[in-house]
Amino acid sequence: MPSLRELYPIPDIDPCWTVPQDFEAAFDWNYDDGRKQMMHLYQKGKDMQWDALDRIDWDLAIHEENPMEMPDESMGIFHTPIWQKMSNKEKAEFRRHAQSWMMSQFMQGEQAALICAAKIVQQVPDLDAKFYASTQVMDEARHVEAYKKYLSKLGVAYPMTKPLQTLVDQALRDSRWDMTYLAMQVVIEGLALAAFGNIRDMAKNPLAQQLNAYVMEDESRHVAFGRVTLKEYYPHLTQAERDEREEFLVEACYLMRDRFEARELYQHLGLPVDQVVEAQENSEFQRHFKSMLFQRIVPIVRDVGLWSDKIQAAYTDMGVIGFADVDYEQLSENDNKRAAEFDDINKQKRQGYVEEVAALGASGGVAAE
Ligand SMILES: [Fe+2]
Ligand SMILES: [Fe+2]
């Protein structure tokens, strides 16, 4: 398998990225029983580990002209003359690159989550939260592994896009542990859950569906971890300190809504970048998709108590305030249910395969091979 860096179509990408750190690693010498809710999450984190190599059916093929079999209407340029003028071969190339750009951002975000969770293990004061965060570290390593394997199958990968890099940099550089939670467990993982869900529910390709369904099962727990921790912590801060968190949240949400564009992808494909970005902005589907991205973030922000008039005004301006009442517990239950459905499909397929081999063996077919 080639290293993914060899698959980047953009030249001169640095082989590594470093973010300076300045924080205190905290030991908890109480060794108490831990908070009930946190220990419950930790138990779930241990019980629900899975291995991408055997849970995902990697034999499933990707579609040649549309790897994830997403509807063309989901692309902002679909209704434009740019798309209409493309040959079938160019359209296939665009789909492959656009889908690989998105899956690459998932993979790059997963590595960021791995590193943020490791920072939380060191920094968060309570041992029960360290326990849980350590299960998240392992979850994120498995997610990086799974998306890397998927991108190798696609044969194209993209580096982390700049707006995401800006947010990850803030999550890591900030010396306050709760800011890492806020940027990662609330904003980035909240967005990721919605984006994974979009693929799980719209893609027709079974490999893309199940990969995202399995990762979502874990991500729901990660977002719950952020919610449980911050809900308990924020009432202890001063109003001025909470205001600062809200300002950060508003800025981060606008950044991800307005600047999370695949400019480097359009540039690589030789397309008129500004025109394509404009088409994305004017596309009904894309506008709906961008607002749906906040479906998981807004109810959590309200629940952790960062809910002043200012933040509500910002979410109203973004047209996402209606998500405040979303029942995230139910969404999370549905995430688990969907993952279990894919387990059933894979189990049936394996069972069918075992029976086929046994039948071949009985008829002498296996021995003859
Ligand atoms: Fe993850
Ligand atoms: Fe995560």
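What the table shows:
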read-out	value
Computed magnitude of the charge dipole of the chain (debye, nearest 20; Cβ of K, R +1, Cβ of D, E -1)	400 debye
Per-residue ³J(HN,Hα) for region 184-201, Karplus 6.51 cos²θ - 1.76 cosθ + 1.60, θ = phi - 60°, Hz, x for Gly and Pro	8, 5, 9, 7, 5, 6, x, 5, 4, 4, 5, 5, 4, x, 4, 6, 3, 8
Distance in nm between pseudo-label sites at GLU73 and ASP47 (7 Å out along the Cβ direction from Cα)	4.1 nm
Normalised alpha carbon radius of gyration of the chain [divisor 2.2 N^0.38 Å]	1.05
Whichever aspartates and glutamates have a C-alpha closer than 15 Å to that of LYS36, once near sequence neighbours (fewer than 8 apart) are set aside	ASP126, ASP128, GLU232
Partners for LYS204 among lysines (Cα-Cα distance below 22 Å; same-chain residues under 8 apart left out)	LYS89, LYS91, LYS148, LYS149, LYS153, LYS290, LYS337, LYS347, LYS349
Residue among TRP29, VAL19, LEU7 farthest towards the positive dipole end of region 1-43, charges placed on Cβ	LEU7
Net length gained if the chain between LEU360 and ASP22 were fully extended (0.36 nm per residue, minus Cα distance)	115.4 nm
Between region 1-38 and region 301-348, the alpha-carbon center distance in angstrom	25 Å
Charge tally in the Cβ shell below 12 Å around GLN21, where Lys, Arg are +1 and Asp, Glu are -1, GLN21 excluded	-2
Inter-label distance for MET138 and GLU93, nm, one decimal - labels placed 7 Å from Cα along Cα-to-Cβ	4.5 nm
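Where a number appears in this text, it was derived from the coordinates with a stated rule and is not lab data. Please read these numbers as outputs of a predicted model, since none were measured by experiment. Don't worry about glycine lacking a Cβ; one is built from the backbone with ideal geometry, like all the others, and counts go over all protein chains shown.
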